[in-house]
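The values are calculated or read from the model by the stated rules, or taken from the named source; none is laboratory data. Note that the structure is a prediction, hence the values are computed from the model and not measured. So basically every Cβ, Gly included, is an ideal-geometry build from the backbone, and we count neighbours across all protein chains shown. What goes into the accessible areas is simple: the full protein's heavy atoms, side chains included, and nothing from ligands, DNA or RNA. Shrake-Rupley method; radii C 1.70, N 1.55, O 1.52, S 1.80 Å.
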Amino acid sequence: MKKTGILYDERFLLHKTGEGHPEIPERLSVIMRGIEEAGLLSKLVAVPVSEARMKWIEKVHSPKYIHRFAEACMLDLGELGDPDNQICPQTYDTALLAVGGILNTIDMLMDGKIENAFCAVRPPGHHAEMMEAYGFCFFNNVAIAARYLQYRWNVSRIGIIDFDVHHGNGTQHIFEQDADVFYYSIHEHPSFAYPGTGREFEKGTGPGLGATLNSTVLPGQGDEEYMHKITRDLLPAFDLFKPEIILVSAGFDAHAADDMSDINLSTQGFSWIMETICEMAERYAGGRLISILEGGYALDVLPELLKNHVKILLGLKEEQTELERKSHVH
Amino acid sequence: MFIDKSMTTDVISAGPEMSIAEAREIMAKNGIRHLPVVSEDKTLLGIVTDRDIRTAMPSAVLGQAGGAENRLADIKVKEIMTTRPVTVSPCQTLEDALLMMEMHKVGAFPVVDQVGKLQGIISIRDLLRAFVNVLGLRDPGALVGIVVEDKPGGMKKIVDAISELGVSFGSILVVRVWEEGKRAVFPYLLTTNIARVKKQLREKGFTLLDPMEWCLDEVAKT
């Protein structure tokens, strides 16, 4: 069994988004309950939470934007830039704690205290741009993590895999010119889903050309298409790039039960994806992998999805499922 | 939306005596396919396209054999240009240009003033840029497809239902003919919370279109 870290703090529940908003504190509560009821919590190493230092957030976001975000919460303005981005007076502090916890996770992993980790954080991050909040996201957690690995730990090749059903526009834009951070995303085709970016011809710019890769999935598709595209696109790309660590933007809204998209990934489909990612981490990165929660809003399936997710990180093999048998045939 | 707001004013042009070899080089260097030909006082004389030049070249094989390049240097732009090309005026509109491009099957029009002097060029690229902007594709958002009866007031109900949720519109596309008496409306909404919008629309009795059936072309079913 692996030494797997878990980042969670009840203060992550303090970011309240109001009625009719899907990104609610209950997401984390049910996820943690699912992990606990499966008897996995005692097997995980708790990561301490602390506020992130501003210098690391400023590696991604402009001071002006950070200030605007802090001020909007302080003045309880209700939203940041757009009604999607509902805030409350605690949102800024919650976002700071989430980032701080992720940076602590990195320190523990790089110090060898844990081998991989799951960060059950709110708010999510991958839509947040350098100077703007988008799609429920304020600080780009995964992007700040990658910058921290570059500047604090001198990691030279970082692979980011984003399987949230929406394209991580923020993460892509932050690293599109960076040849040392490979951003891969698989998501619903942008002509049918938010945010409308992440088309297959977007491959990075300037020195980063070739270090961005997008796989798009049409409405109504599911496991088979994900297996096909990940095998066709991601596996050979990472075999060339050979990341020294893998960061995962783990969104669970591509599930058939999640009405945020028209994609019908099954519970087993998510397990296949995560197992495939973990195999890559073993192959290239000595197993080093940090998974950070993004979207996923179907409260009834999140507990099982995250139980499986954590189980795979721990290296506890489920009995081989029908889906896995099929995938070996391909 | 007048053409002078979207056209390229810094036009690269040729004189009538320029060799087609030089014209070809200018087009290749600047990545353009249309070269207006003007007199010294900027009066439009004609237009040369990359296709005109290719046609004028003896053949690709001869071009490699040498000698052909010399002949190419002898042929002047005025010998192969299209004289009296279709032009537009700066105070025509983008819709005019769009419809004219469809009608004449050309990719660009020289823009000339009342006395025939070249003011700019409007190409399909300028139109594309404008329409990418009109569609709101640079803003993060998502499209929803709704089918409605083709009668007044339908659009208002859709806009009201979505506005109630505090969601902003990036654009609204309307497909005029979806099926007999119906049209399809595609609001591009600046929100990731699309599930809530769909729920609201369904509750208000709208029929949502299966994304795999979406079509922006005329899809009259007879």
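Summary table
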| read-out | value |
| --- | --- |
| Qualifying residues in region A:159-218 (those that are assigned to a helix (DSSP H, G or I), in contact (Cβ under 8 Å) with a residue 40 or more places away in the chain and of a type outside the set (V, I, T)) - the one most open to solvent (accessible area, probe 1.4 Å) | A:H173 |
| Region A:192-215: number of residues that are touching a helix residue (DSSP H, G or I) at 6+ places or on another chain (Cβ under 8 Å), within 14 Å of chain B (Cβ to nearest Cβ) and either of a type in the set (S, T, Y) or on the phi < 0 side of the Ramachandran plot (or both) | 6 |
| Candidate set from region B:211-222 (those that are within 13 Å of chain A (Cβ to nearest Cβ) and surrounded by fewer than 16 Cβ atoms within 10 Å (Cβ to Cβ)); member that is modelled with the lowest pLDDT | B:L216 |
| Residue within region A:225-235 that is surrounded by fewer than 23 Cβ atoms within 10 Å (Cβ to Cβ) and within 14 Å of chain B (Cβ to nearest Cβ) present | yes |
| B:L208 within 13 Å of chain A (Cβ to nearest Cβ), touching a residue at least 60 places away in the same chain (Cβ under 8 Å) and aliphatic (A, V, I, L, M) | yes |
| Some residue of region A:40-57 being in contact (Cβ under 8 Å) with a residue 60 or more places away in the chain, farther than 17 Å from A:I292 by Cβ and surrounded by fewer than 16 Cβ atoms within 10 Å (Cβ to Cβ) | no |
| Residue in region A:114-158 that is farthest from the other protein chains (Cβ to nearest Cβ), counting only those that are among the charged types (D, E, K, R) and open to solvent by 10 Å² or more (accessible area, probe 1.4 Å) | A:E115 |
| Number of the exception - B:P152 against (1) modelled with pLDDT of 95 or more; (2) open to solvent by 40 Å² or more (accessible area, probe 1.4 Å) | (1) |
| Filter pass, A:I144 being under 26 Å from A:G269 (Cβ atoms) and β-branched (V, I, T) | no |
| Qualifying position, being in a strand (DSSP E or B) and in the same structural domain as B:L94 (by TED's automatic domain parsing), among B:V37, B:V11 | B:V37 |
| Residue within region B:183-206 that is assigned to a strand (DSSP E or B) and open to solvent by 40 Å² or more (accessible area, probe 1.4 Å) present | yes |
| Yes/no for A:L247 being in a helix (DSSP H, G or I), touching a strand residue (DSSP E or B) at 6+ places or on another chain (Cβ under 7 Å) and in contact (Cβ under 8 Å) with a residue 60 or more places away in the chain | no |
| Single unsatisfied condition, B:R138 versus (1) without any contact (Cβ under 8 Å) to a residue 24 or more places away in the chain; (2) open to solvent by 60 Å² or more (accessible area, probe 1.4 Å); (3) assigned to a strand (DSSP E or B) | (3) |
| Subset of region B:83-116 that is exposed (fewer than 14 other Cβ atoms within 10 Å of the Cβ) and outside any loop (DSSP other than H, G, I, E, B) - its residue that is farthest from the chain's Cα centre (by Cα) | B:T83 |
| Subset of region A:271-311 [more than 25 Å from A:I144 (Cα to Cα) and among the hydrophobic types (A, V, I, L, M, F, W, C)] | A:W272, A:A298, A:L299, A:V301, A:L302, A:L305 |
